[in-house]
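Visitor: This is the structure, below, for whatever I ask next.
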Number of protein chains: 2
Amino acid sequence: MAKFVYADNAGTTAMSKTALDAMLPYLTDYYGNPSSIYSLGRKSRAALDSAREKIASALNARPEEIFFTGGGTEADNWAIHAALEKMGKKGKHIVTSSIEHHAVGHTLAALEKNGYEVTYLPVDGNGQISLSELENAVRDDTVLVTIMMANNEIGTILPIAEIARIAKSKGALFHTDAVQAVGHIPVDVRALDADMLSLAAHKFRGPKGVGALFVKKGHAIPAFILGGGQERGRRSGTENVAGIVGMAAALEEAVQNMDGNIVKITKMRDRLIKELLKIPYSRLTGDPVNRLPGTASFVFECIEGEALVLSLDAKGVCASSGSACSSASLDPSHVLLAIGLKHEVAHGSLRLTVNEANTEDDIDYILDVLPPIISRLRDMSPLWEEKMNVRA
Amino acid sequence: MAKFVYADNAGTTAMSKTALDAMLPYLTDYYGNPSSIYSLGRKSRAALDSAREKIASALNARPEEIFFTGGGTEADNWAIHAALEKMGKKGKHIVTSSIEHHAVGHTLAALEKNGYEVTYLPVDGNGQISLSELENAVRDDTVLVTIMMANNEIGTILPIAEIARIAKSKGALFHTDAVQAVGHIPVDVRALDADMLSLAAHKFRGPKGVGALFVKKGHAIPAFILGGGQERGRRSGTENVAGIVGMAAALEEAVQNMDGNIVKITKMRDRLIKELLKIPYSRLTGDPVNRLPGTASFVFECIEGEALVLSLDAKGVCASSGSACSSASLDPSHVLLAIGLKHEVAHGSLRLTVNEANTEDDIDYILDVLPPIISRLRDMSPLWEEKMNVRA
């Protein structure tokens, strides 16, 4: 029987048993509307309060700084629009990086058509911005700096505390898309001094369709969705109680086990990196040191990433090429281009992302099946034939 | 042992077994990201496709006209902002009713501060607008008419087909918040000729935190949330696969059983109305004929709705006073004021909403416990004492 190895945990995760068990009562017996004043409603309200406390605690935030959303993308959209509306009098300039998730990048691109000016900071080969370039980019009319905490495609972790300090020293608000970081590496909003921070439950073994935006106390940001006044009037709509409870349980578990998980996951990641870099004409993408514990990302020359992913799928391995969110696209990933890869090289990207649910057996299996697939695909590739002829 | 009767189904519902059973595999084994190209991802993609077809079929829409959202409130917010952006060249005037849900009403109120003009059509004592007043209200610069299909507090069903015809004859877009209607009464988007229609899963025994916006084919409305390009670029963010599957299963079931359910539910509702109107100084709110099958809504003079709800809760009955979404508020409901009730009378509102999960036993129990509660609360009320003295 074919083995099944899920190695696309930066795309989404299987829910943890803890998260599922926490959710189920709120999908069955405890179905009250948290806005209702009878006991069944108050039960749901108490569950929301407890979830908010858990999430706040995981981020070293206060409960009143946590606003539940329908996911990380909504949180990013909201943060950006809220910052612009709040800071409208200061100006219309925004600073970001060239490797943001589309939830930030496409939102900013739309704003550029609407009178805003956006500076996209370049990154080096590791996916790092230059802090001095950031310092030069932030102007008197800069209202928002939004830079991700960790990249979804190449796993690079950016120095958010330093970035926030520069942004705020010039009077701009600072937002970070921490969707790939929360639950995986320590995230302390006080230490980072972020004004806003986005997270998504399904990236840390919680359910899909729920996330949160941290907003530092004192920033009375405008609402994103208006209606019944939920989330203290900032994000209306009957709360996804089960999803929120599942998110909180998943995050609490992730944070409790983080130290041990990081050791275990990093070991698996490093074995993938060490062994797969033995494949000729392969390269690690992303920062070799400051990278997410679970992200092993590569480019293999003369390979089509899509063919690689489908061949791995045939062997029971789930992996991705570029961002899962845009995997339907044929364009090479903007992140891989930003770190300086040529189009044809970027096409050969592979992202293997493991978490605490993976085992060393999974790594063995990937290391068994992947190299022969690459050999076979290269054997069929005219580009490879050409490269080998030139070499010979 | 105390009986438990849930009679707040317009606030939210317990999930049907069908919906929960449909969801569970997508909370456990089938956790793939629908954007991923491997088989686990394609499984989720197929589930979304199937859900979209079921929801389209339930509304007599096409699958490509259905966009999944995080709930009814998000759908309402999106519809309104999309209409204004799309129709910006025509004008800045919007027509609505004075009994809309806050998801529409508060969104429009915010737009009024932003250069838009809103006409709030008054309603009669039954909660019905005047079609001739609507005809007069729609102007050359009216870009949107948004009027709910059925009211959440008083159960009045509005004549949406006629309203849509008038709106569209004047070149305005027509949106209806059908959150209380879908799954409960026939909703045929072709017969209604609506441009946009909002629905929420948790009102028809689906999960909380998921909804949909119907957008008539040909209207290329702008996106609400930007990012990875999900929902054909209109509403980005990793899809809430389990929630969407649960919503589709719940709606399919509700539509399949609708005829029988309406008979059963109407009978329960009518018994509540007939018996509870025997209480002196009581009044039905909402249209006595064109009303939702499950909504029995009243005002009882010299009663505080909140005390009534809490007293019912002590007897194991879940009910609401005014809209569940604003039950934390002490202001009387804008709907009850719009139908001409005085403040002090509106405060004594009670909404009992039943669905197919209720039984005639539930109605017996409510009819047993409610009249003595009202007597007791009135015996403690100075207003009631005064009224009885005047009468004597």
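The values are calculated or read from the model by the stated rules, or taken from the named source; none is laboratory data. All values reported here derive from a predicted model rather than from experimental measurement. Reconstructed Cβ throughout: ideal geometry from the backbone, glycine too, with neighbour counts over all protein chains shown. Only protein heavy atoms, including side chains, enter the accessible area calculation; ligands, DNA and RNA are left aside. Shrake-Rupley method; radii C 1.70, N 1.55, O 1.52, S 1.80 Å.
Visitor: I'd like the orientation of helix A:258-276 relative to chain A: the angle between its Cα long axis and the longest Cα principal axis, in ° from 0 to 90, rounded to 10.
Guide: So the inclination is approximately 20 degrees.
Visitor: Choose one answer from B:SER36, B:SER198, B:SER349: the residue with the largest mean-square fluctuation in a GNM of chain B with alpha-carbon springs under 10 Å.
Guide: Top of the fluctuation ranking is B:SER36.
Visitor: Something else now. Report the residue of chain A with the smallest Cβ-to-axis distance, using the rotation axis that brings A onto B, in whole Å.
Guide: A:GLY70, 2
Visitor: Turning to a different aspect of this structure: Which net charge results when you count Lys and Arg as +1 and Asp and Glu as -1 among the other residues whose beta-carbon is under 14 Å from that of B:LEU192?
Guide: -2
Visitor: Under a 10 Å cutoff between Cα atoms, tell me which one of B:ALA212, B:ALA150, B:ALA164 has the largest fluctuation in the Gaussian network model of chain B.
Guide: B:ALA164
Visitor: Continuing with this model, one more query. Could you give the angle, 0 to 90 degrees to the nearest 10, between helix A:17-27's Cα long axis and the longest principal axis of the Cα atoms of chain A?
Guide: That helix lies at roughly 40 degrees to the long axis.
Visitor: For B:GLY91, what charge total do you get from the other residues with a beta carbon under 15 Å from its beta carbon, if Lys and Arg give +1 and Asp and Glu give -1?
Guide: Local net charge: +1.
Visitor: Which distances in nm, rounded to one decimal and ordered from shortest, link the label point of B:ASN389 to the equivalent label points in the other identical copies, with labels set 7 Å from Cα toward Cβ?
Guide: Ordered by distance, the counterparts are at 10.9 nm.
Visitor: Treating cross-link reach as a plain straight distance, find the aspartates and glutamates whose alpha-carbon is under 12 Å from the alpha-carbon of B:LYS43, omitting any fewer than eight places away in the same chain.
Guide: B:ASP29
Visitor: Taking the Cα centre as origin and putting +1 on Lys and Arg beta-carbons and -1 on Asp and Glu beta-carbons, what dipole magnitude results for the range A:95-183, to the nearest 20 debye?
Guide: Computed charge dipole of the range A:95-183: roughly 200 debye.
Visitor: Of A:LYS208/B:LYS208; A:LYS90/A:LYS168; A:LYS278/A:LYS387; A:LYS86/A:LYS170; A:LYS86/B:LYS89; A:LYS89/A:LYS113, which sit over 24 Å apart, Cα to Cα?
Guide: A:LYS86/B:LYS89
Visitor: Pairs of Cα atoms under 8 Å, at least six residues apart: use those to get the relative contact order of the range A:132-237, whole percent.
Guide: The normalised contact order for the range A:132-237 reaches 18 percent.
Visitor: While we're here: Determine the shape class of the range B:259-392: with a ≥ b ≥ c the square roots of the Cα gyration tensor eigenvalues, call it rounded for a/c under 1.5, and otherwise prolate if a/b is greater than b/c, oblate otherwise.
Guide: Verdict is prolate for the range B:259-392.
Visitor: Let me ask you something else. Projecting each Cα onto the charge dipole of the range A:237-282 (Lys/Arg +1, Asp/Glu -1 at the beta carbon, about the Cα centre), which of A:GLY246, A:ASN257, A:LEU277 comes out farthest on the positive side?
Guide: A:LEU277
Visitor: In the range B:17-256, how does Rg compare with the Kirkwood Rh, expressed as the Rg/Rh ratio over alpha carbon atoms?
Guide: In the range B:17-256, Rg relative to Rh is 0.98.
Visitor: Provide Rg over Rh for the protein assembly as shown; use the alpha carbon set for both Rg and the Kirkwood Rh (inverse mean inverse pair distance).
Guide: 1.01
Visitor: Restricting to Cα pairs below 8 Å that are 6+ residues apart, what does the relative contact order work out to for chain B? Please round to a whole percent.
Guide: Value for chain B: 22 percent.
Visitor: Next question, about the same structure. Where Lys and Arg each count +1 and Asp and Glu each count -1, what net charge lies around B:LEU352 among other residues with Cβ under 9 Å from its Cβ?
Guide: Local net charge: +1.
Visitor: Using protein chains only and a probe of 1.4 angstrom, how many square angstrom of A:TRP384 are accessible, to the nearest 10?
Guide: Roll a 1.4 Å probe over it and A:TRP384 shows about 40 Å².
Visitor: Can you list, shortest first and in nm, the gaps between the label point of B:ALA314 and those of its counterparts in the other copies, using a point 7 Å from Cα in the C-beta direction?
Guide: With the label placed 7 Å along Cα→Cβ, B:ALA314 yields 7.2 nm.
Visitor: Continuing with this model, one more query. Restricting to DSSP H runs of at least four residues, report the calculated mean residue ellipticity at 222 nm for chain A, -39500 (n - 2.57) per run over all residues, nearest 500 deg cm²/dmol.
Guide: Per the formula, -13000 deg cm²/dmol.
Visitor: Other chains' Cβ within 10 Å of B:229-240 residues: what's the mean?
Guide: 6
Visitor: Express as a percent, rounded to the nearest 5, the fraction of DSSP beta bridges in the range A:17-256 (both residues included) that run antiparallel.
Guide: 40 percent
Visitor: List the relative contact order of the range A:247-392 as a percent without decimals, with contacts defined as Cα pairs under 8 Å and 6+ residues apart.
Guide: 29 percent
Visitor: Hey, got the average number of other protein chain Cβ atoms within 10 angstrom for residues in A:205-211?
Guide: Taking the mean over all residues of the peptide, I get 6.
Visitor: Follow-up question, since we're still on this one. Ignoring ligands, DNA and RNA, how do B:ARG232, B:ARG205, B:ARG165 rank by accessible area with a 1.4 Å probe, largest first?
Guide: Largest accessible area first, the list is B:ARG165, B:ARG232, B:ARG205.
Visitor: Treat every Asp and Glu Cβ in chain A as -1 and every Lys and Arg Cβ as +1, leave all other atoms uncharged, and give the resulting dipole magnitude about the Cα centre to the nearest 20 debye.
Guide: Here chain A has a charge dipole of around 760 debye.
Visitor: Average partner chain C-beta neighbours within 10 Å, per residue of B:100-110?
Guide: Per residue, the average neighbour count from other chains is 3.
Visitor: Between helix B:102-112 and chain B, what is the angle of the helix's C-alpha long axis to the longest principal axis, kept within 0 to 90° and rounded to the nearest 10?
Guide: Long axis of B:102-112 versus the principal axis of chain B: about 70 degrees.
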